[in-house]
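Read the structure below first, then the notes.
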Amino acid sequence: MRAHENQADQQAGEKNPARRATPLGATADRMLALQHQAGNAAVSQVVQRRFDPEQHQHGAGCGHGGYEDSSPEGQVELLNAAKSTPGSPLSGSLRNEAESFYQTKFPTARIHDNPTVHRATAAMGAEAMTIGTDIFLGAGAAGRKDLIGHELDHVRNNQEGKTETGVDNGAGQAVTDPNQGSEVTAGINGNAFGAGAKVAPSIAQRAAKDRPDDEG
């Protein structure tokens, strides 16, 4: 899972590197099982706010066994539930713009934006997540063109088979450092997409590098 931590969390992490706690009773086998259950597809998430436990009260028909949403079990169940929801393909105008911007096709990219997905992203402390070619938007994220552009950069990487390393977040999910290259690039490209740029900066830079020098 790829993740951006907000500035306050990053500063707290620098002061207290051991702040990531392993869930009570967790074993290596259990954590691996949770990660396998959630799937091995790369996940990216942009963290803008932390989960508020008051957003949800457990009860009949709750749908995830009485676990707190932000617990390891709750995160896995909500992530699986989000992945099972139907998504929508990119709208024609968005797809055309994104494919021109990234100079690639997004035939299987789908956007999931519904209450189940909103709960899953909140439980993960995320505003959006990408799994494979599926983008999961948190509440209110649909209007963020820069955010969608960021997630589409991860879709592009996933389509090309690029893998990223991560560190266990304490819930059996591997998360990446927000300062690693792929996240920085996705952030730059996403901001450019939101600002109306015609070509992703990383694509333009690569094209310039590959262009042979003019002779004479």
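Structure data summary
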| item | result |
| --- | --- |
| Ordering of 119-126, 81-88 by burial proxy (mean other Cβ atoms within 10 Å per residue, highest first) | 119-126, 81-88 |
| Cut-off under 5 Å, modelled amide H: who pairs with Phe106 long-range | none |
| Per-residue HN-Hα couplings for the range 113-128 [Karplus 6.51, -1.76, 1.60; θ = phi - 60°; Hz; x = Gly/Pro] | 9, 7, x, 4, 5, 4, 5, 5, 5, 5, 5, 7, x, 10, 9, 7 |
| Full-stretch length increase - Lys209, Asn179 - with 0.36 nm per residue and alpha-carbon distance subtracted | 8.5 nm |
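No value in this document is a laboratory result; all are computed from the given coordinates. As the structure is a computational prediction, the values presented were derived from the model and not from experiment. Cβ sites come from the backbone with ideal geometry, for glycine too, and all protein chains shown count toward neighbours.
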